[in-house]
1. Among the helices (runs of 4 or more DSSP H) lying completely within segment 244-324, list those that include at least 2 residues that are in contact (Cβ under 8 Å) with a residue 60 or more places away in the chain, farther than 20 Å from ASN172 by Cα and in contact with a helix residue (DSSP H, G or I) (Cβ under 7 Å, 6 or more places away or on another chain).
2. Could you identify the single residue in GLU222, GLU233, GLU237 that is assigned to a helix (DSSP H, G or I), among the charged types (D, E, K, R) and touching a residue at least 24 places away in the same chain (Cβ under 8 Å)?
3. Under 8 Å between Cβ atoms, which residue pairs at least 6 apart in sequence (or on different chains) link something in segment 45-63 that is within 9 Å of PRO129 (Cβ to Cβ) with a partner that is in a helix (DSSP H, G or I)?
4. Output yes when any residue across segment 207-228 is within 16 Å of the ligand (Cβ to nearest atom), at negative phi, buried (at least 18 other Cβ atoms within 10 Å of the Cβ) and of a type in the set (Gly, Ala, Ser), and no when none is.
5. Checking the conditions here, which among ARG85, ARG22, ARG31 is closer than 18 Å to VAL279 by Cβ and charged (D, E, K, R)?
6. Does PHE194 count as at pLDDT 95 or above, in contact with a Pro (Cβ under 6 Å, 6 or more places away or on another chain) and over 22 Å from GLY321 (Cβ atoms)?
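The values are calculated or read from the model by the stated rules, or taken from the named source; none is laboratory data. Fair warning: this is a prediction, and the values are worked out from it, not measured in the lab. Here the Cβ positions follow ideal geometry from the backbone for every residue, glycine too, while neighbour counts run over all protein chains shown.
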Amino acid sequence: QQQQQPPVADEYRDVIAALPCRLQGTPQRMRLYEGAWYREDWVPGIIAFHRRFVPRDDGGDVILASLPKCGTTWLKALAFAVAARGAYPPAGDVQRHPLARLSPHDCVPFVEAAYFAGEEARLEAAPSPRLMSTHASYSVLPASMRENPRCKVIYICRQPKDMLISYWHFMNRSKFNTMSFSDVWKSIPESTYFGSPIWEHILGYWNASKMNPDRVLFLKYEDVLCDPIKNIERIAEFIGQPFSEAEKKAGIVGSIINLCSLQNLKALDPNNIGFRRVVGIEVPNGSYFRKGKVGDWVNYVTPEMAESLDKFLCDKFHGTGFAF
Ligand code: A3P
């Protein structure tokens with residue numbers, strides 16, 4: 001029945017045309033949906049996620065959520081390696097592992113991109129628990145999913161200054177960059193970053209994780225870098241597949257860390273050769289893997305620019321209980 005539905009871009013054309021829009025200082029026209037600004041071409045998929053998505057009751061669903069450039073690709077690799085470790089051990093003959101042959105984005109698809117491409121059957125066919133991802137805000141997750149105790153969300157956020165520098169590099173390697181460095185740097189206060197306002201994107205998931213810690217796990221990129229063992233164990237426990245003592249003794253967490261390390265993934269063909277189509281745009285596979293460092297922003301902006309952004313965000317997060 002789903003396959004008979006029209007392409008989402010046609011189905012929601014009128015809805016999208018009525019949404020507030022903006023162009024200046026953005027990579028492309030943006031639209032405001034459910035309180036967040038997205039590139040217009042992502043909006044049909046995001047609306048479809050909001051309106052059409054049906055969570056699976058039996059084995060549950062796991063959604064990996066993030067703003068772009070916060071470690072999405074890494075989280076996909078880690079969560080996939082953890083969830084699939086029964087079928088695909090992360091040690092031994094790792095050439096057999098799906099992550100050796102496929103991009104983490106193929107192992108864990110973006111829900112909105114699947115809808116955009118008319119590939120929702122792929123989501124339907126995935127085994128339970130289904131691992132999927134999104135850049136949409138918490139407000140877009142269908143109520144049936146937010147209220148379902150079997151649906152889990154893992155959110156990853158990152159120091160915004162590093163996120164912006166990462167975004168700048170990513171766009172320069174893609175074919176769609178129309179933003180100057182200054183546009184990118186201003187994209188947080190001007191709410192032209194994908195998913196803006198970013199503080200609301202973060203707080204949506206942060207508040208949900210405080211209210212329902214068993215349904216929303218909130219991670220920080222920097223914490224995962226600093227203590228990968230602890231955070232991978234948290235992921236495993238959260239999705240209901242904790243590591244046994246025998247697995248820990250056998251060093252499975254270390255194997256997952258190695259398999260999903262930046263150096264390892266970056267060197268694999270699916271992650272460094274060719275392009276992939278993401279919501280109609282060609283993106284080099286290699287553009288998802290760069291330095292993976294904390295504090296790279298110091299090489300690009302002055303301390304005054306950094307301080308001004310820190311202060312802006314500090315005000316936005318004041319009194320929320322959240323801090324970077
Ligand atoms: P940098 O550009 O700062 O290096 P996303 O996956 O959300 O698009 O985020 C991309 C950022 O995550 C890039 O940051 C990229 O290098 C980093 N990254 C990708 N894979 C990683 C990994 N396996 N370990 C750590 N960081 C990784």
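1. 252-259, 303-317
2. Working: GLU233 fails: touching a residue at least 24 places away in the same chain (Cβ under 8 Å); GLU237 fails: touching a residue at least 24 places away in the same chain (Cβ under 8 Å).
Every option except GLU222 fails the conditions.
3. ASP61/MET145; VAL62/ALA79; VAL62/ALA83
4. Within segment 207-228, not a single residue is within 16 Å of the ligand (Cβ to nearest atom), at negative phi, buried (at least 18 other Cβ atoms within 10 Å of the Cβ) and of a type in the set (Gly, Ala, Ser).
5. Working: ARG85 fails: closer than 18 Å to VAL279 by Cβ; ARG22 fails: closer than 18 Å to VAL279 by Cβ.
Of ARG85, ARG22, ARG31, the one residue that is closer than 18 Å to VAL279 by Cβ and charged (D, E, K, R) is ARG31.
6. Criteria met by PHE194.
Conditions tested, residue by residue: (1) surrounded by fewer than 23 Cβ atoms within 10 Å (Cβ to Cβ); (2) over 18 Å from SER66 (Cβ atoms); (3) under 15 Å from the mean Cα position of the chain (by Cα).
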position	(1), (2), (3)
SER133	no, no, yes
ALA143	yes, yes, no
PRO189	yes, yes, no
TRP199	yes, no, no
GLY240	yes, yes, no
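Residue by residue, here is whether (1) within 16 Å of the ligand (Cβ to nearest atom); (2) under 21 Å from GLY292 (Cβ atoms); (3) at pLDDT below 95 holds:
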| position | (1), (2), (3) |
| --- | --- |
| LYS76 | yes, yes, no |
| ARG85 | no, no, no |
| ASP93 | no, no, yes |
| ALA100 | yes, yes, no |
| ASP106 | yes, yes, no |
| ALA117 | no, no, yes |
| TYR138 | no, no, no |
| LEU141 | no, no, no |
| GLU147 | no, no, yes |
